[in-house]
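Before I ask anything, let me first share the structure, which is written out below as structure tokens.
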Amino acid sequence: METAEHETRKKRGDYHAAIGALAHGGMTVREIGRALGLSHQRVQQILAELACSFCGLAADAVARLVVGAGRQPTWKPGEPRKAAVSVYICDRCIVRAARTVRRGEELDEDGVLMTLASHASTEPCDFCGCRLGERTGLRARCESIVACDDARICRHCIAMASNIIETEWKQQKRALK
Ligand SMILES: [Zn+2]
Ligand SMILES: [Zn+2]
Ligand SMILES: [Zn+2]
């Protein structure tokens, strides 16, 4: 995987998620556009594409979206390459996914079904690209991947996403004091 391309994609995803956070915080499309030097049409377009890949809620309906590196679409020789699809997970789905790792498949009251990928599955985590049973870099072997429709997140990435959100909430609380 070309790291530079991966980084650009991740940065763009982070930027899009930040726009989602501003909208959720109550800023209007025009205000966000003015603040970031984008047309309000462009902001609207970005917001329309932004949703949790797990529960499907739009960016302005959730407290926070954490962005993943993205999934490589399936590709057959001879076909033009398609761009990677950005993947997002919202704060509530992070909690759901963590619960699924501990207790197994769950269908919660909002109708979101999360399952544990079986050991026969070779589909990677959309956030870090690791597969079940694989060891990536310095991390421990990947032991579980939670799936919801087409979206997948591994135990490592669930822990990382929870940390990101917890740190942000602590910072926000401090800022309010
Ligand atoms: Zn969600
Ligand atoms: Zn992962
Ligand atoms: Zn993993």
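The values are calculated or read from the model by the stated rules, or taken from the named source; none is laboratory data. In this text the structure is predicted, and so the values were computed from the model without any measurement. So basically every Cβ, Gly included, is an ideal-geometry build from the backbone, and we count neighbours across all protein chains shown.
Kindly evaluate Arg135 against the criterion of being touching a Gly at 6+ places or on another chain (Cβ under 9 Å), of a type in the set (D, E, K, R) and either part of a loop (DSSP other than H, G, I, E, B) or on the phi > 0 side of the Ramachandran plot (or both).
Here the answer is no, as Arg135 does not meet what is asked.
Further, regarding this structure: Among (1) within 16 Å of ligand 2 (Cβ to nearest atom); (2) of a type outside the set (Val, Ile, Thr); (3) more than 22 Å from Cys55 (Cβ to Cβ), which single condition is Ala98 missing?
Ala98 satisfies all of (1) within 16 Å of ligand 2 (Cβ to nearest atom); (2) of a type outside the set (Val, Ile, Thr); (3) more than 22 Å from Cys55 (Cβ to Cβ) except (3).
Name the residue, out of Gly129, Gly111, that is surrounded by fewer than 20 Cβ atoms within 10 Å (Cβ to Cβ), part of a loop (DSSP other than H, G, I, E, B), touching a Ser or Thr at 6+ places or on another chain (Cβ under 8 Å) and at positive phi.
Within the list Gly129, Gly111, the selection yields Gly129.
Could you tell me whether Ala69 is in contact with a Phe, Trp or Tyr (Cβ under 9 Å, 6 or more places away or on another chain), more than 17 Å from Ser162 (Cβ to Cβ) and within 16 Å of ligand 2 (Cβ to nearest atom)?
Yes, satisfied.
Any chance segment 127-150 includes a residue that's without any contact (Cβ under 8 Å) to a residue 40 or more places away in the chain, out of contact with any strand residue (DSSP E or B) (no Cβ under 8 Å at 6 or more places or on another chain) and within 16 Å of ligand 1 (Cβ to nearest atom)?
no
Here's something else I'd like to know. Among the residues in segment 155-166, are any more than 14 Å from ligand 2 (Cβ to nearest atom), outside any loop (DSSP other than H, G, I, E, B), crowded, with 16+ Cβ neighbours inside 10 Å and under 17 Å from the mean Cα position of the chain (by Cα)?
Just the residues of segment 155-166 that are more than 14 Å from ligand 2 (Cβ to nearest atom), to begin with: 165-166.
Keeping just the survivors that are outside any loop (DSSP other than H, G, I, E, B) gives 165-166.
Filter once more, keeping what is crowded, with 16+ Cβ neighbours inside 10 Å: 165.
Remaining after also requiring under 17 Å from the mean Cα position of the chain (by Cα): 165.
Scanning segment 155-166, I find at least one residue that is more than 14 Å from ligand 2 (Cβ to nearest atom), outside any loop (DSSP other than H, G, I, E, B), crowded, with 16+ Cβ neighbours inside 10 Å and under 17 Å from the mean Cα position of the chain (by Cα), so the answer is yes.
For residues that are more than 16 Å from ligand 3 (Cβ to nearest atom), at pLDDT below 90 and within 20 Å of Ala17 (Cα to Cα), tally how many sit in segment 75-112.
Residues meeting the conditions: 4.
Can you tell which of Ser86, Ser53 is within 16 Å of ligand 2 (Cβ to nearest atom), under 17 Å from the mean Cα position of the chain (by Cα), part of a loop (DSSP other than H, G, I, E, B) and touching a residue at least 40 places away in the same chain (Cβ under 8 Å)?
Testing whether each residue is within 16 Å of ligand 2 (Cβ to nearest atom), under 17 Å from the mean Cα position of the chain (by Cα), part of a loop (DSSP other than H, G, I, E, B) and touching a residue at least 40 places away in the same chain (Cβ under 8 Å) leaves just Ser53.
May I pose another question? What pairs come up if the first residue lies in segment 1-20 and is aliphatic (A, V, I, L, M), the second is modelled with pLDDT under 70, and their beta carbons are under 8 Å apart, counting only those six or more places apart or on different chains?
Correct list of pairs: empty, since none qualify.
Given Ala21, Ala63, which one is more than 16 Å from Arg152 (Cβ to Cβ), within 13 Å of ligand 1 (Cβ to nearest atom) and either modelled with pLDDT of 90 or more or aliphatic (A, V, I, L, M) (or both)?
Ala63
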